[in-house]
Every structure is written in structure tokens, then in C-alpha cells.
Amino acid sequence: MASLSLRLAATMPSVGPGKTMSVMSTTESGGCSGGREAGVRHLVQNGHFSVPAAVQVTRSAMSSIPVSGSSSTSPLRAVSSKISAEMSTAPSTEEPELETDPIVLWNRYVNWLYQDKDLGLYLDVSRIGFSDEFYEAMLPRFEDAFKHMKELEGGSIANPDEGRMVGHYWLRKPEIAPTPYLQKLILDTFDRVQKFADDVISAKIKPPPTPVGRFTQVLSVGIGGSALGPQFVAEALAPDNPPLKLRFIDNTDPAGIDHQIAQLGPELSSTLVLVISKSGGTPETRNGLLEVQKAFRDAGLDFSKQGVAITQEGSLLDNTAKIEGWLARFPMFDWVGGRTSEMSAVGLLPAALQGIDIRGMLDGAAIMDESTRNTTVKQNPAALLALCWYWATGGVGAKDMVVLPYKDSLLLFSRYLQQLVMESLGKEFDLDGNKVNLLLCRGWFC
């Protein structure tokens, strides 16, 4: 299966696809000696072998990044407070002298390369110049992080103000949800999403009489986490000729809204409209909905026959859709944050309507979850990236971060990460007043 690639913080010329395979095969044979040293030196010195931090992800493996929260009783508050208190004794992140010996570089590459051949995922952090001493000094912190992540996934309260758990992990693997009720809720929602999408694509569910007799377009109205995930997945995973075309209204800009509606033209009558808002009262989403409803009225169309709501049960949007008799309603759960909702109905329904295998997407995400829960840091790609982020920014955001997707289909990955990192981790203080954004970069340029 074709892979998607992302290169982070590349410091040397990129490796071409053919050369990457030759480097990987050499790595698998384990190190180098004798006459092979000359070959390695040639590769490094002539720029054929570079070691950027690189990630290659197959289409079936969508990863997730945990969301942080803070409270007096939450595990995340404990972690953030401890980090804040321990900054004065943090491991040194002073940069050592740049290594230039090609054999040393090669051995470091072999030692630090993470690879999951079944998934087609490779992560190379060998050019991030942290020392072995720094790595060893950070291990106790990783032990704390793994402990508290396990508590979160087990259902501990992450948001004490609202008594909420954090459960987007469960969407990918319902059997780990803490109660049978939640497990059934997740499975039932998936089945409903899949059946609805199948019925739309097969024209069992169709718009009021139109020349084509089936839905041809999907217009998704939502903002932030209700749009960025679906947009990214559509760009990265959708087939070249999807059964329905997908458009987004993801801003309150009147010109942008008018443009998207105008692009539908006569196909407005065969457009399925998804309105996505966790709270059900997001002003920007409400503005987009009102504009779309007006366009339907002006065209003499009944919006309720083509509208679908994805929101929390009992919200203003949910009640409106129920009273007006919209075509369908799907739930968002209070234990899933908007920016981590891609594997809920928020992301699964748009993906399924484009013909994406959402069961495979969930299975791949679950496998990635397992890999990022590995308590051996060198075998955990997320832990390796966290280690690099901490070291590269001096633990206090001393450097900025740039995310540069080199594959066209990953163009929106940086926009997705922009919100995920800035909103999920970008809190300056916890509820106790401790400064907890010390591990973040000062800027996020995408």
C-alpha cells in the first residue's frame, strides 16, 4: 500500500525513494565494518544519506496525539505541576559539538531508528543531537507520563470542573472503554454511520426528486476541530474519484461562504449538508448554517430533507434538527474533545461518504495507539518525538518549530497539528497557577 511521508527538521539533503530503500536494507543487516565503512562514508559525505527526523505512515495507520488537561485530581495536573517544579533540575539540553564522523553518524542512525515494518512507519531521530546521558536522565519523566496516560485511558477524570473523562482513545478500540455502556455506544454509532453512508452512496437514501436521483455533493459546515480533521483525512486518504465530492464551510467569512455555495450551482439540490458542532451553538457554524438554509429557500428547496446534524444530544443544534425533522442526527460525546474527534462521527461520516474504509482507518489508528503506549522509549515513536522536542527547545521553548509535509496529500497535516498542539498543549498555567507551557515552542509556523 502506498505510504504517506512527512519530514521534520531536515538538516541535510533528502533521500530519494530508491536511496531510502538501499539505506534501510543496509540498516537491517546491522552496522557496518571493514570495506563497508568506505561505502557508508561515501553516502554520508556526498549527501546521499541524510538523517532528518522522518516519519512515513501508511494509509491504514492514522495516529493520535493525547490531549492534556489540568486539575487538582487529574493525572495531567500532577505531571504539569511536577514538570514546573523540576525545571531547575531538568537534564541539560546544551548542544554538544556537532558530530561529523560518518561511522559514528551511521551507528547512531542504526541505534536510534524506529521502524514498524508491518505498518510501514519509520522514525529517524539520529540527527537530533541529544546525548545518552540526557536520554537516561529523562526516563523517570517518561515513566510518570506512561503511568498517567494509563490512568486517563482507564477513565480517570481529566476535567474536574465538568467531571469529564478523556476518551477519544476508546473510539479506536471500544473494548478498552471503562464500561459496557460506553463500549456499546461507540459500536452502535459506528454501525449507524457506516449504514447511513452506504445507503447514501447506493442511493437508498436520496434527496427529493432531482435529475440525477442521488446525492452528488457533501457540504460540511463546521470550524476548528469539526473541520480540520475531516479536511486532512479527505486530502490524504480519499480515492481519486470519490462517490461524493466534499466541500467545507469552515470560517465565518461571508465571501468564503458565498463562494462555496456558488460552487455547488445546480447541484445544491443534490447536496447533503453536514452541520457539525459539539456544543451545538458555535457562532461561526451557526452563521454558515443560516447562509446555507437561505440558499436552499431561495432555490425552493427543503433543507430538512438534506440536512444532517452531528452534535451532543440535547444541544441547540440537536433539538433544532429533531424538531425540524432533519434527515439524520449523529452524536458527539462529552468525553471527546472537538480537536480529537476525527475518529468519531465528526470524521467517520465525511470519510465514509467519500468511500474511505473507516473500519480500516480505525484499526490502523488503534495499532498506532498501541505503539505509542509502549513503555520502552526507543520503541515508542511518540515518546521519541517528545524527547526530541524537549531537547531541541531546551525545555523552555528556546526554538521555534516548523512542520513541512513533503507529500502533497499531507499538505493539511500542519494545519491539523497547529490547532491540536496550540489548543491542547498551549495553556500557560494550570488551575493551581503553575506555569506549564515551558516545554512548548514560542511559535508554530505551518
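General remarks:
- Complete set of residues in the stretch 242-253 that are out of contact with any Leu (no Cβ under 9 Å at 6 or more places or on another chain) and either modelled with pLDDT of 95 or more or buried (at least 22 other Cβ atoms within 10 Å of the Cβ) (or both): Lys245
- In the stretch 129-182, the residues that are buried (at least 20 other Cβ atoms within 10 Å of the Cβ) and charged (D, E, K, R): Glu153, Arg172
- Residue match in the stretch 193-215 (condition: without any contact (Cβ under 8 Å) to a residue 24 or more places away in the chain and over 30 Å from Glu267 (Cβ atoms)): no
- If you filter the stretch 296-326 down to residues that are in contact with a Pro (Cβ under 9 Å, 6 or more places away or on another chain) and farther than 19 Å from Pro266 by Cβ, you find that the one that is surrounded by the fewest Cβ atoms within 10 Å (Cβ to Cβ) is Glu313.
- Residue match in the stretch 116-126 (condition: on the phi > 0 side of the Ramachandran plot and touching a residue at least 60 places away in the same chain (Cβ under 8 Å)): yes
- Filtering the stretch 290-312 for residues that are part of a loop (DSSP other than H, G, I, E, B), in contact (Cβ under 8 Å) with a residue 12 or more places away in the chain and more than 20 Å from Pro208 (Cβ to Cβ) leaves an empty set.
- First in the stretch 244-273 and over 22 Å from Pro211 (Cα atoms), second anywhere and part of a strand (DSSP E or B), Cβ under 7 Å, 6 or more apart: Phe248/Ser220; Ile249/Leu219; Ile249/Val221; Ile257/Ile249
- One residue from Trp335, Trp326, Trp391 being at pLDDT 90 or above, outside the structural domain of Gln231 (by TED's automatic domain parsing) and either touching a Gly at 6+ places or on another chain (Cβ under 8 Å) or over 26 Å from Lys117 (Cβ atoms) (or both): Trp391
The values are calculated or read from the model by the stated rules, or taken from the named source; none is laboratory data. No experiment lies behind these values; they were computed from the predicted model shown. Every residue, glycine as well, gets a Cβ built from its backbone with ideal geometry; the counts of neighbours run over all protein chains shown.
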